[in-house]
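The values are calculated or read from the model by the stated rules, or taken from the named source; none is laboratory data. What you are looking at is a predicted structure, and each value in this text was computed from that prediction instead of being measured. Using ideal geometry, Cβ is built from the backbone for each residue, glycine included, and neighbour counts are taken over all protein chains shown. Heads up: the accessible areas ignore ligands, DNA and RNA and are worked out on the full protein's heavy atoms, side chains in. Shrake-Rupley method; radii C 1.70, N 1.55, O 1.52, S 1.80 Å.
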Amino acid sequence: EGDPREARFMARIDAEERIEPNDFMPEGYRKTLVRQIAQHAHSEIIGMLPEGNWITRAPSLRRKAALLAKVQDEGGHGLYLYCAAETLGKSREEMMDELVDGRAKYSSIFNYPTLTWADIGMIGWLVDGAAIMNQIPLCRCSFGPYARAMIRICKEESFHQRQGYEQIMTLCAGTPEQKELAQDSLNRWWWPSIMMFGPSDGDSVHSAKSMAWKIKRFTNDELRQKFIDATVPQAHRIGLEIPDPDLKFNEETGHWEIGEIDWEEFKRVLAGGGPCNADRVAARKAAQENGAWVRDAALAYAQKRAARESE
Ligand code: ACO
């Protein structure tokens, strides 16, 4: 209460001013941002794995080119976001170490396997669709570097979502087997996508603070509802059925209402017990170790050059 800088900080937040890395900020604000931005960056990097799995098996050159571009975009998003977290004083090495030794969180969704080609379209449509819903408001996040990074990221995510939906539309307009592939994929990805938005508001430990600090602009449940309302009609338009017997449209509120979310599954995946958690972390660890010589060589070269220039 005593620190006048805290009051000034809150006044700036209330006035919709952007906070920049060298500005005063309360430790809690810094910690929350480092946590969220690092988790977000890790999600982008781990998110390359389930899709990378299908690059060599894409059914046409056009699909392969789009998938390659999309996976590269995600790598880029991860790097942007690590930079944004670095402006808050956390080193990239530290973030990487936390990821490869399993201490860091990343989005639960990437712990599910991509079993069929339809899963690639489904990730674009649902997972990137959910990601944009959550990330458009982050373009107005009170922390400048994060907000600015989100602008380009959202443009790219928007392309990802469209190419995913177009891919699923194509399957749905194809043979009965192709349509079935799409339905089977929706059956497996629907609920995990709904869970991406995080615990319901009553159980979300960070939401109240993050909303007051204008890091988050909407609660988890608000964004989840927006996603459901946008996505259910898209599924129906192409003849797919949402795997939820309790799904119904509420005429009064104008919202789609869903059945119970299996929060036990969500907790299990967050605790490392999802179908692919161990594989994902192991793949990142291997990439980190196999790439060590490149980082060492680049560093040695930079040092040699610096030494030569100072001669
Ligand atoms: N997967 C993994 N962990 C999650 C998830 C999820 N789907 N949802 C919530 N959590 C974690 C939170 O990180 C937090 O963990 P921590 O306290 O150990 O850090 C805990 O569960 C409690 O949740 P909340 O209090 O609701 O946390 P928060 O306010 O941070 O809200 C949210 C979670 C909505 C994911 C928020 O962090 C956010 O908007 N992040 C930025 C977007 C993002 O990371 N997207 C990644 C997927 S999109 C993509 O990469 C394509």
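If the condition is being within 16 Å of the ligand (Cβ to nearest atom), without any contact (Cβ under 8 Å) to a residue 40 or more places away in the chain and of a type outside the set (Gly, Ala, Ser), then the range 253-311 contributes Glu264, Lys267, Arg268.
Those residues that are touching a residue at least 24 places away in the same chain (Cβ under 8 Å), more than 22 Å from the chain's Cα centre (by Cα) and in a helix (DSSP H, G or I), I need them from the range 40-62; list them, please. Can you show your working first?
The initial filter retains those residues of the range 40-62 that are touching a residue at least 24 places away in the same chain (Cβ under 8 Å), namely 40-51, 53-54, 57-59.
Applying the additional criterion that residues be more than 22 Å from the chain's Cα centre (by Cα) yields 57-59.
If the condition is that a residue be touching a residue at least 24 places away in the same chain (Cβ under 8 Å), more than 22 Å from the chain's Cα centre (by Cα) and in a helix (DSSP H, G or I), then Arg57 is the only one that fits.
Scanning the range 135-165 for residues that are acidic (Asp, Glu) and open to solvent by 10 Å² or more (accessible area, probe 1.4 Å) turns up just one, Glu156.
Taking the options Gly174, Gly129, Gly164, name whichever one is over 25 Å from Gly76 (Cα atoms) and either within 12 Å of the ligand (Cβ to nearest atom) or outside any helix (DSSP H, G or I) (or both). First the steps, then the outcome.
Values: Gly129 fails: over 25 Å from Gly76 (Cα atoms); Gly164 fails: over 25 Å from Gly76 (Cα atoms).
The unique qualifying residue is Gly174.
Arg92 satisfies every condition listed in (1) within 14 Å of the ligand (Cβ to nearest atom); (2) out of contact with any Pro (no Cβ under 9 Å at 6 or more places or on another chain); (3) over 16 Å from Gln36 (Cβ atoms) except (1).
Looking only at residues in the range 35-85 that are open to solvent by less than 50 Å² (accessible area, probe 1.4 Å), more than 15 Å from Asp119 (Cβ to Cβ) and of a type in the set (D, E, K, R), the one that is farthest from the ligand (Cβ to nearest atom) is Asp73.
Tell me, please, whether a residue that is open to solvent by less than 10 Å² (accessible area, probe 1.4 Å), at pLDDT 95 or above, closer than 16 Å to Trp125 by Cα and within 16 Å of the ligand (Cβ to nearest atom) can be found in the range 198-215. No, because not a single residue in the range 198-215 is open to solvent by less than 10 Å² (accessible area, probe 1.4 Å), at pLDDT 95 or above, closer than 16 Å to Trp125 by Cα and within 16 Å of the ligand (Cβ to nearest atom). The residues of the range 1-35 that are under 15 Å from Ile215 (Cβ atoms), assigned to a helix (DSSP H, G or I) and aliphatic (A, V, I, L, M), listed by number, are Met10, Ile13, Leu33, Val34. Residues in the range 86-105 that are within 20 Å of Cys141 (Cα to Cα) and open to solvent by 30 Å² or more (accessible area, probe 1.4 Å): Glu86, Thr87, Gly89, Lys90. Residue count for the range 64-96, restricted to those that are in a helix (DSSP H, G or I), out of contact with any helix residue (DSSP H, G or I) (no Cβ under 7 Å at 6 or more places or on another chain) and either modelled with pLDDT of 95 or more or of a type in the set (Ser, Thr, Tyr) (or both): 7. Of all residues in the range 132-147, those satisfying the criterion of being part of a helix (DSSP H, G or I) and either farther than 18 Å from Phe218 by Cα or not charged (D, E, K, R) (or both) are Ile132, Met133, Asn134, Gln135, Pro137, Leu138, Cys139, Gly144, Pro145, Tyr146, Ala147. In the set (1) over 27 Å from Arg162 (Cα atoms); (2) in contact (Cβ under 8 Å) with a residue 40 or more places away in the chain, Ser91 fails one condition alone, (2).
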